[in-house]
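Single-structure report; data block below.
The values are calculated or read from the model by the stated rules, or taken from the named source; none is laboratory data. Please read all numbers here as calculations on a predicted model, not as lab measurements. We place every Cβ from the backbone using ideal geometry, glycine too, and count neighbours over all the protein chains shown.
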């Protein structure tokens, strides 16, 4: 093991040995090298004569660039576009995102958590979590209504075992009892479990109520108290898109610093929150449990995270970080974001209005939804994949089939005035097959 990794592990061990136990074998071996990047950082501060360290090209005191690019990006200084961004992301962006998190998540006030580290969107953050905390055979607790890419990231890449619980009760609430039972069994078998909380949920579009959120936290705390190590990840990809009665903040804040055996990790990003999917700008933020010196544990986790970033993608794109900084600093940002929120909320509420019709009763039920981009139909009479294909081939309508009975509808990309026609076409196709 590299001496730098040993040093980081000893720092974690000294302050919270349970956090060290949570790391995968790869996670224990990770470190941030004192190589080109660290030497270049030193040179940036001290090389007042010549700086011949990093592999970029310069010209006339700034980065070299082609004018055909700059003509399209003339509103931005070349130094904020063309050079490599720091491995952890631009410091200004990290600071702005932390401030945004505190404004939007009251429960994070007075909690100790790391400065957000920039990731290449949220999927990259999930990959980092998998590499740092999952060994083959480790258990990942997920609802049965889950994003399919978790399988590729956790199971295929790292050999983890997904343990599923039923998402909803028969009455239509979040199934706290099923979650707690699944978590207790998974943690007891291994002495460790990774819990992933994805709200608003993909594919169901559901966010728990405040009471359900408190019950989830209580269930997690009970298992930590029983002596099991828990890595709890909040996948907050669709954060902020809360349309009706639900939690209006991430559970990350309520879990942070609560127990030595509980490590909380928040994954979020501008990608969907700010409607810039192609920018691929996300964040990973850590909150350790009750440690002797939490800041030392967070420092060690950050350096290990920078190690895996350096080993895989080196750093995240610079232009998109600059664009997000510019947006967050814009005086029109909040107003424009509220306008888009109201459009999305209108679409979600229109879906509920349309689905209230009795004419669909024989064809489907629909799962609870109150947030995010999606909702799901629970089909009563036909196979979801057959319906999906029939919709495409005969009606030119695209949907996503999940298993044999669930059909996911992304109302996020359908205009409100088209919602009635969309569900009427789905209904007609269902009747064709039934």
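Within region 180-188, is there a residue that is out of contact with any helix residue (DSSP H, G or I) (no Cβ under 6 Å at 6 or more places or on another chain), in the same structural domain as residue 227 (by TED's automatic domain parsing), farther than 20 Å from residue 251 by Cα and buried (at least 19 other Cβ atoms within 10 Å of the Cβ)?
So far as region 180-188 goes, yes, one or more of its residues are out of contact with any helix residue (DSSP H, G or I) (no Cβ under 6 Å at 6 or more places or on another chain), in the same structural domain as residue 227 (by TED's automatic domain parsing), farther than 20 Å from residue 251 by Cα and buried (at least 19 other Cβ atoms within 10 Å of the Cβ).
Give the number of residues within region 189-229 that are in contact (Cβ under 8 Å) with a residue 60 or more places away in the chain and under 18 Å from the mean Cα position of the chain (by Cα).
Counting residues in region 189-229 that are in contact (Cβ under 8 Å) with a residue 60 or more places away in the chain and under 18 Å from the mean Cα position of the chain (by Cα) gives 10.
Here's the yes/no breakdown for (1) modelled with pLDDT of 95 or more; (2) closer than 30 Å to residue 29 by Cα; (3) part of a strand (DSSP E or B):
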| position | (1), (2), (3) |
| --- | --- |
| 124 | yes, yes, no |
| 130 | yes, yes, no |
| 140 | yes, yes, yes |
| 145 | yes, no, no |
| 177 | yes, no, no |
| 180 | yes, no, no |
| 214 | yes, no, no |
| 220 | yes, yes, no |
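Need the failing condition index for residue 354 against (1) under 22 Å from the mean Cα position of the chain (by Cα); (2) not in a loop (DSSP other than H, G, I, E, B), just the number.
(1)
Could you please find all residues in region 90-106 being in contact with a helix residue (DSSP H, G or I) (Cβ under 6 Å, 6 or more places away or on another chain), in a helix (DSSP H, G or I) and farther than 15 Å from residue 286 by Cα?
Of everything in region 90-106, those that are in contact with a helix residue (DSSP H, G or I) (Cβ under 6 Å, 6 or more places away or on another chain), in a helix (DSSP H, G or I) and farther than 15 Å from residue 286 by Cα turn out to be 92, 93, 96.
Can residue 412 be described as assigned to a strand (DSSP E or B) and within 18 Å of residue 203 (Cα to Cα)?
no
Residue under question is residue 367, and the condition is that it be outside the structural domain of residue 248 (by TED's automatic domain parsing), out of contact with any helix residue (DSSP H, G or I) (no Cβ under 9 Å at 6 or more places or on another chain), surrounded by 16 or more Cβ atoms within 10 Å (Cβ to Cβ) and under 17 Å from residue 423 (Cα atoms); does it hold?
So residue 367 fits the description; yes.
It is to be established whether one or more residues within region 400-409 are part of a helix (DSSP H, G or I), surrounded by fewer than 23 Cβ atoms within 10 Å (Cβ to Cβ) and not assigned by TED's automatic domain parsing to the domain that holds residue 247.
No.
Conditions first: (1) touching a helix residue (DSSP H, G or I) at 6+ places or on another chain (Cβ under 7 Å); (2) not in a loop (DSSP other than H, G, I, E, B). Residue 53 passes all but one, so which condition is the exception?
(2)
Please list, ordered by first then second residue, the pairs with beta carbon atoms under 6 Å, 6 or more apart or interchain, first in region 272-288 and surrounded by fewer than 18 Cβ atoms within 10 Å (Cβ to Cβ), second in a helix (DSSP H, G or I).
276/270; 277/271
Conditions first: (1) at pLDDT below 80; (2) surrounded by 12 or more Cβ atoms within 10 Å (Cβ to Cβ); (3) not in a loop (DSSP other than H, G, I, E, B). Residue 45 passes all but one, so which condition is the exception?
Just one mismatch for residue 45, condition (2).
Pull up region 8-40, narrow it to residues that are without any contact (Cβ under 8 Å) to a residue 12 or more places away in the chain and over 25 Å from the mean Cα position of the chain (by Cα), then point me to the one that is farthest from residue 306 (Cα to Cα).
Among those residues, the one meeting the criterion is 17.
Could you say whether any residue in region 224-232 is farther than 25 Å from residue 376 by Cα and in a helix (DSSP H, G or I)?
The answer is yes, given that some residue of region 224-232 is farther than 25 Å from residue 376 by Cα and in a helix (DSSP H, G or I).
Just give me the residues in region 382-394 being in contact with a helix residue (DSSP H, G or I) (Cβ under 7 Å, 6 or more places away or on another chain) and loosely packed, with under 14 Cβ neighbours inside 10 Å, in sequence order.
Selection gives 394 alone.
How many residues are in contact with a strand residue (DSSP E or B) (Cβ under 8 Å, 6 or more places away or on another chain), farther than 22 Å from residue 95 by Cβ and part of a helix (DSSP H, G or I) if we restrict to region 288-323?
0
May I ask you to verify whether residue 351 is closer than 22 Å to residue 200 by Cβ and touching a residue at least 40 places away in the same chain (Cβ under 8 Å)?
yes
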